1. Starting from the Cα of residue 91, step 7 Å toward the Cβ, then list every residue of region 27-59 with an amide N under 12 Å from that point.
2. Work out how much length residue 2 to residue 82 would gain on full extension: take 0.36 nm times their residue separation and subtract the Cα-Cα distance, in nm to one decimal.
3. Per residue, what volume in Å³ does the convex hull of the Cα atoms of region 1-40 enclose?
4. Quick one: ranking 53, 99, 59 by accessible area, 1.4 Å probe, largest first, what do you get?
5. Taking the alpha-carbon centroid of each part, what is the distance from region 52-89 to region 2-37 in angstrom?
6. Express the accessible area of the chain per residue in Å², computed with a 1.4 Å probe while the remaining protein chains stay in the model.
7. Under the Kirkwood approximation applied to all pairs of distinct alpha-carbon atoms, what is the hydrodynamic radius of region 2-97 in Å?
8. Determine which residues of region 73-89 fall in the zone a paramagnetic label at residue 57 would reach in this model, i.e. backbone nitrogen under 20 Å from the point 7 Å along Cα→Cβ.
Amino acid sequence: MRVRPAMRLDSAAHVQEVAGLAVAPEAQGRGVGRRLLDAARSVAVERGARRLTLRVLSTNVRARALYAAAGYQVEGVLKEHFLLDGRYVDDVLMALDLT
Ligand SMILES: CC(C)(COP(=O)(O)OP(=O)(O)OC[C@H]1O[C@@H](n2cnc3c(N)ncnc32)[C@H](O)[C@@H]1OP(=O)(O)O)[C@@H](O)C(=O)NCCC(=O)NCCS
């Protein structure tokens, strides 16, 4: 997992992004993902961010449940953004307000 600027623009310097969150299959379901998200939030706050964003596939029920439980809200949907196994899947933008 990485926490990085959502954009390389001074005008968006207050927005950090969580990217590449993943827990090894054998360690899933034990709270590791939740703790990683907590750590991401702490890093973003330390950097002075006002917002923490991420993108998740609409079909990723597990990840979406984790993000919703952590307070992230859906702010946008990129319709049919990916073609996966012959099926178009939406990409969902979620964000956490840090103010
Ligand atoms: C999504 C992922 C990071 C979650 O990590 P994890 O360590 O398994 O999650 P946790 O054990 O911390 O669970 C936290 C929350 O996730 C949700 N969750 C976990 N397992 C779930 C399941 N089997 N079904 C539905 N929701 C689930 C719940 O909201 C859970 O909260 P709860 O424990 O209060 O019920 C992990 O499943 C993963 O690496 N998946 C593959 C990669 C991926 O999809 N990454 C996200 C890309 S956007």
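The values are calculated or read from the model by the stated rules, or taken from the named source; none is laboratory data. Not measured: the values here are computed from a predicted model. Every residue, glycine among them, receives a Cβ derived from its backbone with ideal geometry; neighbour counts consider all protein chains shown. Surface accessibility is based on the protein's heavy atoms, side chains included, excluding ligands, DNA and RNA. Shrake-Rupley method; radii C 1.70, N 1.55, O 1.52, S 1.80 Å.
1. Counting backbone N atoms under 12 Å from the label point, the list is 54-58.
2. Values: separation 80, 0.36 × 80 = 28.80 nm, distance 2.18 nm.
Contour length minus Cα-Cα distance gives 26.6 nm.
3. Details: hull volume 2.1 nm³, N = 40.
Per residue, the Cα convex hull of region 1-40 comes to 52 Å³.
4. Numbers: 53 10, 99 110, 59 65 Å².
Of 53, 99, 59, the descending order of accessible area is 99, 59, 53.
5. That distance is 14 Å.
6. Working: 6600 Å² over 99 residues.
Heavy-atom SASA per residue in the chain reads 67 Å².
7. On the way: mean 1/r = 0.0709 Å⁻¹.
Result for region 2-97, one decimal place: 14.1 Å.
8. 74-89
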